[in-house]
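See below for the structure under consideration.
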Amino acid sequence: MAEALTFNAADLVLREGAAPFRQVFTPGEIVGLAGLDGHGQDRFLRVMAGLDQAPGRVSLEMSGKSHPIAGFRDAERQRIVYVPRDRRSTGIFPDLSILDNFAIATPEADRRFGLISRKARLARYMHWKERLKIVAPSPDAPITALSGGNQQKVLLARALARNPRVLLLNDPTRGVDVATRHVLYDLFRELAAEGMALVILSSEIEEVLLLCNRLIVFRDHQVSAELSGEAMQSEAVIAAMFGRAA
Amino acid sequence: MSGSMTPALALSLRRYGFGLAILVVLLIANVVMNPARFHPAAWGTLLGMAAPLIGAALASAPVIMAGRGGIDISVGPAMGLVNAVVILLFVHGGIASPWLLWPVALLLGAGIGAINGFLATVVRIQPIVATLGTYLILTGLTLTILPAPLGPAPGWLRSLSGVWSFAPLGVIALCWWGLSRTPFLGQLMAVGSDDRAAYTAGVNVTGVRFLAYVIGGLLVGAAAMMLTALIGSADPKVGTNYTMIAIAAVALGGVSLAGGRGGLIGAAIGAIDIFLLQSLLTAFNVSTYVLQVAYGAVLVLAVVLMALQDRPTKRSHA
Amino acid sequence: MTARPASLRPAFLKPGFDQTRMRVIGAFAVALALHGLGTLLIPGYSAPFAIRAMLVLAALLAVASIGQTLVVILGGIDLSIPFIIGFANVVAAQLYGQGWNFALVCLLVAVMAIAIGMVNGALSRGLNIHPLIVTLGIGMIVQGLVLIWTRGFPTGSAPKAVSQFVSIGGTFGPLPVAGVIPALLVLTVLIVLVLERTPFGRRLYALGSNPGAAPYALIRPLWVWMVIFGASSFFAAVTGVLLLGFTGSAYGDVGQPYLFQTIAAVVVGGAALVGGRGSYVGTLAGALVLTEINTLLIGLGYQPATVQAAFGLVILLLVSLYGRERHFSTLV
């Protein structure tokens, strides 16, 4: 069951002169980030992941204690997991096998007497392969033998193997086919139901409208609108993206 | 930088800043420590002494600028082979005319460059391995055709060593300036900084890289002639020393080993830096051992300072 | 792509890595073929003494190439190896000659070498400077300092045990080979285990394969670079001490042939200099190939200059046969 935690951003200023804002993410919810390219949503996600620094405070509040997230190491320790956008340049390791690509962030989990146990690794991989419906010839095939969608699933499995409390996804369905997208949507809903907090940046409005409970629209590096429930309509989102009143 | 400066000038100052600063400091130090040797009247002789190293650095630069691990470690041995062939042609072949020896030197250099270029771009062997292969072949070949030093060099060539060494360097500068008026240099930089983007934009990446090797080879030919002028003979072992020191000079002159940044001016500045350092330490009458430590220290220090200067623009979270 | 599922194909036909495996097998095959050729052409080429000599020479090259293999998998290159070899060779001889305890000498040399290597790695990765320049510069400084210290005339020698360990006529228990051979085999097993079966090894390959993705996968690039370059210098220092035993006296330039030979051994063994691929078993094969070529050509009566030229030709030939790079437009 979900731990009682909140993932907070307070007085965050994404760019000099931009208005400070606060956000609270809680387990069980899927929050979407939208905006025109380069309007701060990408930077916000990276700041939350501890990858970029910005004035303000990012922290994980858990059972009455506050854990500040000042850098990537803090995020790693608090199991706040970031999945980058560009699969080719920041995701896959093209010379490595599917299995290696899956296990690379959590190799210690497979250690038996100091050495990586192939059996343990394979068992862990099979669990996620089934859950994410990864279509792959053999775990030893190179990752580049997979389709874009299946590569993305392996990268998600790599992130999920870290047992995240908060999952920060940077455009996770970019270049992914429609069938795979729906597998991923179902998975995200399941993860939220199991008590994970998900923040999803997406370049497609339909996707966030379909998937998220709440939507934050960015313009000029500040929050231009926060929508939920009935208010989540594409007209409203587009208006907020372009800085017009809906 | 002052606001009135043109962006291009500011950029090249930024790029060559360290090389130039070291150059000025070393030059002043040399003039103060060794006024006789660095008397303005002697600058011609000094230029002649620096010319082979400058030539070697220039020859190393185009391939490095072409990126994707491009490097030519056969520059030194190639200079050695050209040096040996020219003197053998003169002493044993009786060919003395500059109208024959210059073309032979340049064509031989360009030919070696073309072989390196073919191996690195068409056969697609990693450049350092391809030129390592030619390094070994050229070293062996030179020692086979010329087991021991041989002399002399033709009179006209020896007279090219002093003030007159500005002639070949000047011709190189002129040719490079001419080349910078063509699309080639822009394409070379584009290929060096991002070959995939250049490829997508329709640049013949393989062709540009191949040409970079050939141009480097031509410069090797010229550098070998300047070397021959300086030593006035042929020495089968003199060439190999130049490779590493030329690459060091290129790095010192702000040419990025990742490709796409720097130019021949930088390479020349780096070579002059090393020459001045050499002179200064010789003036102090220090051993060659101290000289070596100084080379290494200046090289490491310069690249570290250059990297620190570039650092604020790109922050890594790792 | 064929329709046949990959899992049904024979292991050596699987895509990707098996290309590396093929290169390793190819390198061993070339070494064997060269040995066969030598046995046909030169009387006594396969005599026990000749084989023992070749094994020791190959083993020394193989130890010197451990570091280069690791660094190349990382996507770097280490030009300081010959300088560190010379450094360890001279410093160990000098201190032992001054009456120091040899174990203490080895410890000191190892610690200093590792420190130098870590500086190499830290500068290259931390400041994003090409390791070629850093290792060349640091190497020159190290060699210069050693020369200043010894005034160019190093003295001293190695203890008998070290000479025995690498002696061509040496034996190891019942085995008719010098101790360095079985030691190298054990070392090989350890290296392969570390590379294939430990988190560090997997991270090394990942970092070499795609440095941009590594930090997101919780890999600390700076740390890995420091460890790997430290290891490279350590094994160079080991080679320096072994060479002291092999030649009997200290010589600052003893490492120079190893500059290009280590790179050649690694490349002939199937590693890609762009990183992410390669194996130490391949390097072993590469070291055997290079030693066979050398012995064969000298045995055929060629001058050292010709041998060197042929060496270059063979490297080019082998690498163009199986060491070609992919077209840049297909690379990440």
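The distance separating the Cα centre of segment A:187-246 from that of segment A:31-82 comes to 17 Å. Taking amide hydrogens as placed 1.01 Å from N in the peptide plane, the amide H of B:Gly253 sits under 5 Å from those of B:Gly270, each at least 5 positions away in sequence or on another chain.
Only the Cβ atoms of Lys and Arg (+1) and of Asp and Glu (-1) were treated as charged; on that basis the dipole of segment A:25-89 about its Cα centre amounts to roughly 200 debye.
Let's test the formula: R0 of 25 Å, r as the Cβ-Cβ distance of C:Leu108 and C:Leu175. What FRET efficiency results, to the nearest 0.05?
On the way: r = 31 Å, r/R0 = 1.25.
With R0 = 25 Å, the Cβ-Cβ based efficiency is 0.20.
Between B:Ala201 and B:Gln309, the simple label model (points 7 Å from Cα in the Cβ direction) yields a spacing of 2.5 nm. A simple rule links phi to the HN-Hα coupling: the Karplus curve 6.51 cos²θ - 1.76 cosθ + 1.60 with θ = phi - 60°, which for segment B:191-208 gives 4, x, 8, 7, 5, 5, 5, 4, 4, 5, 7, x, 7, 6, 4, 4, x, 4 Hz, with x for Gly and Pro. In the elastic network of chain C, a GNM with C-alpha springs shorter than 10 Å, the most mobile of C:Ala110, C:Ala231, C:Ala213 is C:Ala213.
Put the Cα centre of segment B:142-168 next to the Cα centre of segment B:15-43 and the gap is 27 Å. Label point of C:Leu317 set 7 angstrom out along Cα-Cβ; within segment C:36-53, amide nitrogens under 18 Å from it belong to C:36-42.
Remark: the protein assembly as shown carries a charge dipole of roughly 840 debye about the Cα centre, counting +1 on each Lys and Arg Cβ and -1 on each Asp and Glu Cβ. Annotation: the antiparallel percentage among DSSP beta bridges lying fully within the protein assembly as shown is about 60. Label-to-label distance for B:Asp194 and C:Trp100 is 5.2 nm, based on points extended 7 Å past Cα in the beta-carbon direction.
The mean count of C-beta atoms from other chains within 10 Å of the C-beta of residues in C:124-132, rounded to a whole number, is 6. Peptide A:61-73 is shielded by partner chain Cβ atoms: per residue, an average of 1 of them sit within 10 Å of its Cβ. Counting Cβ atoms of other protein chains within 10 Å of each Cβ in B:137-149 and taking the mean gives 4. Calculate, in whole percent, how much of the Cα-Cα pair population of chain C lies beyond 28 Å. Value for chain C: 43 percent of Cα pairs lie more than 28 Å apart.
Over chain C, with a Gaussian network built from C-alpha contacts below 10 Å, which listed residue (C:Pro131, C:Pro82, C:Pro174) shows the highest mean-square fluctuation? Of C:Pro131, C:Pro82, C:Pro174, the most mobile in the Gaussian network model is C:Pro174. A straight chain from A:Thr26 to A:Asn213 at 0.36 nm per residue would run longer than the Cα-Cα distance by 66.2 nm.
Considering only A:Leu160, A:Ala123, A:Pro142, the residue lying farthest towards the positive end of the dipole of chain A is A:Ala123, judged by Cα position with unit charges set on Cβ.
One-quarter of the Cα convex hull surface for segment C:144-261, in nm²? Numbers along the way, then the final one.
Values: hull surface 39.9 nm².
Computed as one quarter of the Cα hull surface, the answer is 10.0 nm².
Rounded to the nearest 0.05, the FRET efficiency derived from the C-beta distance between C:Asn128 and C:Ala53 at R0 = 51 Å is 0.70.
Rounded to the nearest 20 debye, what is the charge dipole size of segment A:117-202 about its Cα centre when +1 sits on each Lys and Arg Cβ and -1 on each Asp and Glu Cβ? Show your work: numbers first, answer last.
Working: 14 positive and 7 negative charges, 74 e Å.
Result for segment A:117-202 is approximately 360 debye, rounded to the nearest 20.
Descending by average beta-carbon neighbour count within 10 Å, the peptides C:184-197, A:151-164 line up as A:151-164, C:184-197, the highest first.
When the trypsin sites (Lys or Arg not before Pro) in segment A:169-240 are filtered for DSSP coil states and for at most 16 other beta-carbon atoms within 10 Å of their beta-carbon, the remaining sites are A:Arg174. Distance from the alpha carbon centroid of segment C:253-332 to that of segment C:138-162 works out to 28 angstrom.
Pair-distance distribution of the protein assembly as shown: all C-alpha pairs, bin width 10 Å, starting at 0; shares per bin in whole percent are 2, 11, 19, 22, 19, 14, 8, 4, 1, 0. The phi torsions of segment B:134-139, fed into the Karplus equation with coefficients 6.51, -1.76 and 1.60 and a -60° offset, translate into couplings of 5, 3, 5, 4, 5, 4 Hz, rounded to whole numbers, with Gly and Pro shown as x. Along the Cα-to-Cβ line of A:Ala19, 7 Å from the Cα, sits a label point; which residues in segment A:200-231 have backbone N less than 11 Å from it? It comes to A:219, A:222-226, nothing else.
Roughly speaking, what is the stretch gain from B:Leu100 to B:Thr288, that is 0.36 nm per residue apart minus the C-alpha to C-alpha distance, in nm to one decimal? Show your work: numbers first, answer last.
Details: separation 188, 0.36 × 188 = 67.68 nm, distance 3.81 nm.
Roughly 63.9 nm would be gained on extension.
Peptides B:160-166, C:201-207, C:61-67 ranked from most to least packed by the mean count of surrounding Cβ atoms within 10 Å: C:61-67, C:201-207, B:160-166. Selection among C:Ile133, C:Pro215, C:Val105 by position relative to the dipole of chain C gives C:Pro215 as farthest towards the positive end (Cβ unit charges, Cα centre). Take the Cα of A:Ala239, step 7 Å toward its Cβ, do the same at A:Ala109, and the gap between the two points is 4.5 nm.
Report D for chain B in µm² per second (integer): Stokes-Einstein, Kirkwood Rh on Cα pairs, 37 °C, 0.692 mPa s. Approximately 163 µm²/s, per Stokes-Einstein. For segment A:151-246, the antiparallel share of DSSP beta bridges with both residues in that region comes to about 55%.
Of the residues B:Pro62, B:Ala78, B:Gly260, the one whose Cα sits farthest towards the positive end of the charge dipole of chain B is B:Gly260 (charges of +1 on Lys and Arg Cβ, -1 on Asp and Glu Cβ, taken about the Cα centre).
Read-outs: derived from the displayed coordinates by stated rules, not from any lab. Keep in mind the model is a prediction, meaning the values are calculated, not measured. Here the Cβ is made from the backbone with ideal geometry for all residues, glycine too, and neighbour counts use every protein chain on show.
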